[in-house]
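Undergrad: My structure is below; once you've seen it, I'll send some questions.
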Amino acid sequence: MDLDFSSWGAVPSFEFAFNSENFSDRVLQLEVVPCDDDGGESLPDSARTPKEKEENAVMELLGFMYRGKLTSREPTLLLDILMAADKFEVLSCMRHCSQLLSRLRMNTESALLYLDHPCSVLMVAEVQCMVGAAKEFLTDKYKDVDKFGHEVMNFPLAGIEAIFSSTDIQVESEDHVYRFLLKWVRARYLELEERRDILSCRLLPLVRFNHMACTTVQEILACTDDDIDHEKVSKLITKALLHKAYPTVMEGVLSANLFRTCWPFAERGYKTKPVKVVVFDPNFLEAIVYLGLTREECSRLFPLGKIWSQTFYLAGQEFRLVATCKMDEISNSYSFGLYVELLWMPERSKSVMLAFQFAARKEPTGKFISQPNNYLKICTFRKDDLTLGCDDVFEMPWSTFVADDSLFINGVLHLRADLTVLEIYGGHDMVSQQS
């Protein structure tokens, strides 16, 4: 009579026979040998030579086959039993282990344990919910990567992949993602070839190069470090930039390729917003900077919040844009403010005279219109005066601004800053620049 152990139901219990002298007074020895028949299949090495740590798991598996139950609820042992059940294709035990594991309270240790265990094709369907829960737990708990960076540095590869494959993490910028992964892999894998393989094949595909600063992308392409596969990283960057330039076309191409349908291009929750910089002067004296903010991001600025853009360079000096909800202390009213900020570095920063003008796209034309009307400001950025701009860009109260659908096109506020360096002051001497 064939007994079906793959499902629960009217399967007879053999608990009376397990570990009984009447049935266990003989030793059964099994020898696994390679199969010479071309039509047969040989077992993998892991099945031919069980590890010592598998002994408890195998005994529990045998007990389950007799009794239909397990004696342990310890996560590590349950995982080992799951692996043993997978190896010997005891489907009912696999389901039972998965159910028990899914009921346990998830923590960092157990989540990493679930992700780091090997998983065969046979058992994927049985444990995918458990693995999915582990990934969700890690990405939720360690969402703020900058805050938990020191702890995440100690995670295994599976944990790193789970966190940085997520769009929901909060990080300073995509540049920081790249630098973190580079730091992690260099600390974790000391052997060059292994580190090169892990970085190029497992980690760099997690980086969303289309949201990186142009200067960082240029640095990566020019990098000559031995542990970076430059051909692979160049291909990754090319695909990311093509998607950024032609999103509709590339999405069609990628969807036709089953291996690329999950390619990461979505923008994460960056603490500094990506910008697009168009430079018209070889000396970086004149540029147009584009910044997009969603209505939700602007709403969260109230009452005194700020959003910083990623940094960009003009005439060798580092700048960024700052969007804020500005309160007028006299009238107690709020408005949308936009500013240019010079990041002062004592060893290399200089005072800069800058002409700047702000604009925003508006419906119905969708063209950029100067905000405020015909606004042009010339200011000198000094060590004691680093943030300059306009307190009320749209000349309307905050509530009116947030509700204005002519500004938020498809839910996005498109801003533009036209910047021109007029003078750079080095020490007490003024250096004139041709703009």
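Here, each number is a calculation from the coordinates, and none is a lab measurement. Keep in mind it's a predicted model, so treat the numbers as computed, not measured. Neighbour counts run over all protein chains shown; Cβ positions are idealised from the backbone, glycine included.
Undergrad: So, in nm, how far is label Glu347 from label Leu241 when the simple model puts each one 7 Å beyond its Cα toward the Cβ?
TA: 2.9 nm
Undergrad: Still on this structure, I have one more. Within a 10 angstrom radius of the beta carbon, how do Leu301, Leu138, Leu77, Leu338 rank from fewest other beta carbons to most?
TA: Leu77, Leu301, Leu338, Leu138
Undergrad: May I pose another question? In whole Hz, what ³J(HN,Hα) sequence does the range 363-371 give by Karplus (6.51, -1.76, 1.60; θ = phi - 60°), x for Gly and Pro?
TA: 7, x, 7, x, 8, 7, 10, 4, 9
Undergrad: Let me test this: with uniform point scatterers at the alpha carbons of the range 160-203, what is the Debye-based log₁₀ I(q)/I(0) at q = 0.23, 0.24, 0.25 1/Å?
TA: Result of the Debye calculation: -0.81, -0.86, -0.91.
Undergrad: Exactly which trypsin sites (Lys or Arg not before Pro) in the range 291-395 are in a DSSP loop and have at most 13 other Cβ atoms within 10 Å?
TA: Values: sites: Arg295, Arg300, Lys306, Arg320, Lys326, Arg348, Lys350, Arg361, Lys362, Lys367, Lys377, Arg382, Lys383; in loops: Arg300, Arg348, Lys350, Lys383.
Here the sparse-neighbourhood loop sites are Arg300, Arg348, Lys383.
Undergrad: Same structure, new question: Just to verify a number: FRET efficiency for Asp328 and Asp116, C-beta to C-beta distance, R0 = 56 Å, to 0.05?
TA: Working: r = 55 Å, r/R0 = 0.99.
Once rounded, the FRET efficiency stands at 0.50.
Undergrad: How much length is gained on full extension from Asp384 to Ser299, taking 0.36 nm per residue of separation minus their Cα-Cα distance?
TA: Numbers: separation 85, 0.36 × 85 = 30.60 nm, distance 3.04 nm.
Additional length available on full extension: 27.6 nm.
Undergrad: Would you please report the Å³ per residue occupied by the convex hull of the alpha carbon atoms in the range 111-218? The partial results should precede the final answer.
TA: Values: hull volume 12.5 nm³, N = 108.
Dividing the Cα hull volume of the range 111-218 by its residues yields 116 Å³.
Undergrad: A further question follows. What nm distance separates the two modelled labels at Leu104 and Arg188, each placed 7 Å from Cα along Cα→Cβ?
TA: 2.2 nm
Undergrad: Tell me which GluC sites (Glu not before Pro) from the range 147-213 have a DSSP coil assignment and no more than 12 other beta carbons within 10 Å of their own.
TA: Values: sites: Glu151, Glu161, Glu172, Glu174, Glu191, Glu193, Glu194; in loops: Glu172, Glu191.
Passing both the DSSP loop test and the Cβ count: Glu191.
Undergrad: I need Ile228, Ile330 ordered by Cβ neighbour count within 10 Å, fewest first.
TA: Working: Ile228 17, Ile330 6.
Ascending number of Cβ neighbours within 10 Å: Ile330, Ile228.
Undergrad: So for Ile160, Ile424, fewest C-beta neighbours within 10 Å to most, what's the order? The partial results should precede the final answer.
TA: Numbers: Ile160 23, Ile424 19.
Ascending number of Cβ neighbours within 10 Å: Ile424, Ile160.
Undergrad: Please give me, ordered by residue number, the chymotrypsin sites (Phe, Trp or Tyr not before Pro) of the range 317-362 that lie in loop per DSSP and have at most 13 other Cβ atoms within 10 Å.
TA: Details: sites: Phe319, Tyr334, Phe336, Tyr339, Trp344, Phe356, Phe358; in loops: Trp344.
Sparse-neighbourhood loop chymotrypsin sites (Phe, Trp or Tyr not before Pro): none present.
Undergrad: Can you give me the long-range amide H partners of Phe394? Hydrogens built in the peptide plane at 1.01 Å from N, cutoff under 5 Å, separation of 5 or more residues or another chain.
TA: Long-range HN contacts for Phe394: Phe336.
Undergrad: Shifting gears a bit: Taking amide H positions as placed 1.01 Å from N in the peptide plane, with prolines and chain starts having none, which residues 5 or more places from Glu267, or on another chain, fall under 5 Å of its amide H?
TA: Residues meeting the amide H criterion: none.
Undergrad: Three principal axis extents, largest first, for the C-alpha atoms of the range 271-432, in Å?
TA: In descending order, the Cα extents are 48, 35, 30 Å.
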